[in-house]
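Asker: Next up is a structure, given as structure tokens.
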Amino acid sequence: MRRILRLSIGTLLASTASCTDKPGAGGRVLHVWQHQTGPEEAAANQQMIARFAAGRHNFVVNAQTIPQGSYPQSIMAAAMAGRLPCVLTVDSPMVPAFVWAGHIRPLDTLIDRQAFASIAPPALGQYQGHIYSVGQFDAALAIFTRRSTLAQIHARIPTLAQPWTRAEFDDVLRKLKATGRWQVPLDLGTREPNPNWWTYAYSPMLQSFGGDLIDRKTNRTADGVINGAPARAWAAWFHALFANEWARRLEPDDQSLMRGRVALAYTGNWRAPDLEKAFGNDLLILPPPDFGHGVAIGGGSWQWAVSSTCTQPAQAAAFIRHLISTPEIAAMATAAGMIPATEAAAQRTQRFRKGGDWRVFYDMSRAFARPRPATPAFTAISNAWYHAARDIMDGTDPRDALDDAADAIDQSIADNNGYAPAAEKTK
Amino acid sequence: MTPRWARKGRLAFLFGTPAMLGLITFLVIPFAMAIALTLTNQKLLSPQHVQAVGLANYERLLGLKVMRQDGIASSDGHVTFPRIRDVTRSSPTLRPYRPLGAMTWESTRFVLLARDPVFMRSLLNTALFAVMVVPLQCGLALGLALLVNAGLCGQRAFRTIYFSPVVMSMVVVAVIWAFLFNRDLGLVNQALGWLSGGQGTRIDWLGNPATAMPAIVIMSAWQGAGLQMLIFLAGLQAIPTELYDAARIDGATPLQRFVHVTLPGLSNTIAFVVVITTIAAFGLFTQVDVMTQGGPANATSTVMFYAIERGVRDQDIAYGSTVTVVYFVLIATLAILQQRFFARRAGAR
């Protein structure tokens, strides 16, 4: 009996001992966390890290991949336990919240600002005058379709300089529906139950209608903005898409265009490789419509940041410098088909250099990308927007749904004392 | 012989310790912490100091009010009312309230306002789910148990087949059923269309507020019934065959044998099965999270789902804790009442 007790206590001690090897504390190990991505991007990341580690013998890089669905929760839990890794990926709109909570440190105190000069703004996480995160790439949403599809209804092929107007877009949808070839002509991507996707994909449409998520001048109130007249116009249009059966609220998978279930798909550049394989020259990549206030698409994708608790800032800084070097950005763009963050890197790729067949994504990102609200309230805004947009899709009175969103955002801002910085650090 | 140190229940205490430690660490302490959290404004991701806020979270969760509106009669006698949200949002006292329901009586409208109508809706949805799923699942389980117990060939294989959904992960089952329920391509609608010869409209099972909860009920009953079937099977096999033989000699029909021998013989089993199914029903979360995310228009939002939404996804852990504490009190009250009911019935017999 006593032996069993001693044994179990021993095991207990051993397990706690292994816990002290926590990320961010060791001297010879650089801990890196990344969210789970598609296989190409994951492989590209792995190679990038391997190239970084190759020339260095005084420390090892320990990279871990965490499922994307629970990534924010994992970060939150690690932060509360004070066990964040040195280097981590963050979704760019979350940067202000992490800064506010004190989890990440400004990169421009570690690395000369000049190093970031050539990086396109959407790939930089900036807040209160500092750069906190940097990405190798940006993403862009577009309308994907087939040349033969548009020829069937004699529709004009829109260009970046002359995108479809709202009337033209509605007309295209109506005509496609009338051909009878498609039960619904458009896949908007509403099957994705992720608030940040809904904000990324549909709030730019709201901006193109002339509305917005929050008063961007102060970032203090959403009332009168997210539930203003342009927002109501957007809501009526969005609801009609589903009421007219121009779009399905729930596609069974993300292969709708590939399998010919729809004629148009609103999705990101990361789908381009598969679609190109399927359709070849028939594939068309078009800018989203201009609903009256210019074309808008979401800017900012996943980026890299350094935690405040990192004890090896020099090594972390070397890692960041490595990943934003031109060959690395170009390698990621080539391997994963993501839009390179610098023109120099774009010129080194087949696809994104001037005249390349995916240059359109690069140009759209530069011309149309709009940042999401840079405030720690982003999670509250994103959740409120997600619920409102879903309710509108499902037939709730748009005014009620938008008022709900405005109230929820303003309540969250009030609950968090206006997201004011802490008077003093709690630690 | 038992050594002296093991007497006086010390051995029982020793053997019970690991389980008690687990319960205290993972149930009692977190729950005590949750109660403490409800009295604060703790957020998951915030550098600000945590403050005690008294009962503010409870007020926000449970606040109800009735508002009276006088209609405006137009010349043709048609009565209209001002939009509720316009009234509440322009009044400082009514500002935090949102409409939950309304009743019109002649030219007056009474509006029930709630500070958190989604929570009230979730409570109602959870109760609705329990009321629908408990009879369906228990009935299905009893039917399957009778079938498997009937002595037909291959009953062992059927027992395994009926039990297999229980051992499957709920997430996997929910994903598959979401496909089955798809409006345009799902098997359910295709089968219905085939049965009706292409007549009738396609039902958007998970997209229509009226059918979303029943769809989840059907799927949950299918997934869970196997477990209750096994319990019923044990109960059935405990009924002495002499009773059936005697009934047969007396000339009882199969239906009479079921009503007068099987059901009374199963009464304790039925009580147990109803209680565990009810408890499981009140914890409904996974199916909702995977299949509908509380939609459409909050028609499938349940209390557990709402607690996670507010506590974790909105990062308002104090408020999420308040939801669970209030829910715990409600469930505990219900459990005590249910126990009294069964105890009284047992006493009456």
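Asker: Between B:ARG115, B:ARG248, B:ARG183, where does the largest GNM mean-square fluctuation fall for chain B, given springs only between Cα atoms within less than 10 Å?
Answerer: Most flexible of the set in this elastic network: B:ARG248.
Asker: Give the range of the longest stretch in chain A that excludes all GluC sites (Glu not before Pro) found in loop regions by DSSP and having at most 15 other beta-carbon atoms within 10 Å.
Answerer: With GluC sites (Glu not before Pro) excluded where exposed in loops, chain A gives A:1-244 as its longest stretch.
Asker: Estimate the FRET efficiency between A:ARG113 and A:ARG216 by the formula 1/(1 + (r/R0)^6), using the beta-carbon distance for r and 35 Å for R0, to the nearest 0.05.
Answerer: That gives a FRET efficiency of 0.90.
Asker: Ok, one more. Highest mean first, how do B:323-335, A:361-373 rank when packing is the count of other Cβ atoms within 10 Å averaged over residues?
Answerer: A:361-373, B:323-335
Asker: Can you return the aspartates and glutamates within cross-link range of B:LYS43? Criterion is Cα-Cα under 14 Å, with same-chain partners fewer than 8 residues away left out.
Answerer: A:ASP415, B:GLU309, B:ASP314, B:ASP316
Asker: Which entries in A:LYS175/A:LYS354; A:LYS177/A:LYS277; A:LYS175/A:LYS277 show an alpha-carbon gap greater than 29 Å?
Answerer: Beyond 29 Å: A:LYS175/A:LYS354.
Asker: Return the sequence-ordered ³J(HN,Hα) values of region B:175-191 in whole Hz as given by the Karplus equation 6.51 cos²θ - 1.76 cosθ + 1.60 applied to θ = phi - 60°, using x for Gly and Pro.
Answerer: 4, 5, 5, 4, 5, 4, 8, 4, 5, 8, 10, x, 5, 4, 5, 5, 5
Asker: While we're looking at this one, here's another question. Once amide H atoms are built 1.01 Å from N in the peptide plane, which residues 5 or more positions from A:THR267, or in another chain, come under 5 Å H to H?
Answerer: Under 5 Å from the amide H of A:THR267 lie the amide H atoms of A:ALA142, A:PHE144, each far enough along the sequence or on another chain.
Asker: Classify region A:287-360: rounded, prolate or oblate, from the alpha-carbon gyration tensor (a ≥ b ≥ c, eigenvalue square roots; a/c under 1.5 rounded; otherwise prolate if a/b is larger than b/c)?
Answerer: Taking the square roots of the gyration eigenvalues as a ≥ b ≥ c, region A:287-360 is oblate.
Asker: Related question: Determine, from the Cβ-Cβ distance of B:PHE342 and B:ARG156 and an R0 of 30 Å, the FRET efficiency 1/(1 + (r/R0)^6), rounded to the nearest 0.05.
Answerer: 0.35
Asker: May I ask you to give the average projected area over all directions of the convex hull of the Cα atoms of region B:118-348, in nm² rounded to one decimal?
Answerer: The orientation-averaged projected area of the Cα hull of region B:118-348 comes to 16.1 nm².
Asker: Within 10 Å of each Cβ in peptide B:289-300, how many partner chain Cβ atoms are there on average? Round it to a whole number, please.
Answerer: Neighbouring Cβ atoms belonging to other protein chains average 4 per residue here.
Asker: Now for a separate question. Using r as the Cβ-Cβ distance of A:GLN152 and A:LYS277, and R0 as 25 Å, what FRET efficiency do you calculate, to the nearest 0.05?
Answerer: Result of the calculation: an efficiency of 0.65.
Asker: What is the distance in Å between the Cα centres of region B:15-49 and region B:295-349?
Answerer: If we compute the Cα centre of each part, the gap is 18 Å.
Asker: List the residues of region B:52-73 whose backbone N lies under 15 Å from a point placed 7 Å from the Cα of B:GLU106 along the Cα-to-Cβ direction.
Answerer: B:69-73
Asker: Which distance in Å, rounded to a whole number, links the C-alpha centroids of region A:175-208 and region B:196-242?
Answerer: 34 Å
Asker: Run the quick spin-label model on A:ARG366 and B:LEU21: label points 7 Å from Cα toward the beta carbon, then report their separation in nm to one decimal.
Answerer: 6.4 nm
Asker: So for region A:179-272, what percent of the C-alpha to C-alpha distances run longer than 23 Å?
Answerer: 32 percent
Asker: Which stretch or stretches of region B:99-115 have amide N atoms under 12 Å from the point lying 7 Å from B:ALA73's Cα along the Cα→Cβ direction?
Answerer: Under 12 Å, as judged by backbone N against the label point of B:ALA73, lie B:106-108 of region B:99-115.
Asker: Using the Karplus curve 6.51 cos²θ - 1.76 cosθ + 1.60 with θ = phi - 60°, what ³J(HN,Hα) values do you get for each residue of region A:305-312, in whole Hz, with x for Gly and Pro?
Answerer: Each residue's phi maps through the Karplus curve to give 9, 10, 6, 5, 8, 4, 9, 10 Hz.
Asker: Put a dot 7 Å past each Cα toward the Cβ at B:ARG95 and B:GLN256; how far apart are the dots in nm?
Answerer: 7.4 nm
Asker: I've got another one for you. With θ set to phi - 60° and the Karplus curve 6.51 cos²θ - 1.76 cosθ + 1.60, what are the ³J(HN,Hα) couplings of region A:343-353 in order, to the nearest whole Hz, using x for Gly and Pro?
Answerer: 5, 4, 5, 4, 5, 8, 10, 5, 7, 9, 6
Asker: How many angstrom lie between the C-alpha centres of region A:285-350 and region A:229-273?
Answerer: Region A:285-350 and region A:229-273 have Cα centres spaced 27 Å from each other.
Values in this text are rule-based calculations from the coordinates and carry no lab data. Given the structure is predicted, the values throughout are model-derived calculations rather than measurements. Glycine also receives a Cβ, built like all others from the backbone with ideal geometry; neighbour counts cover every protein chain displayed.
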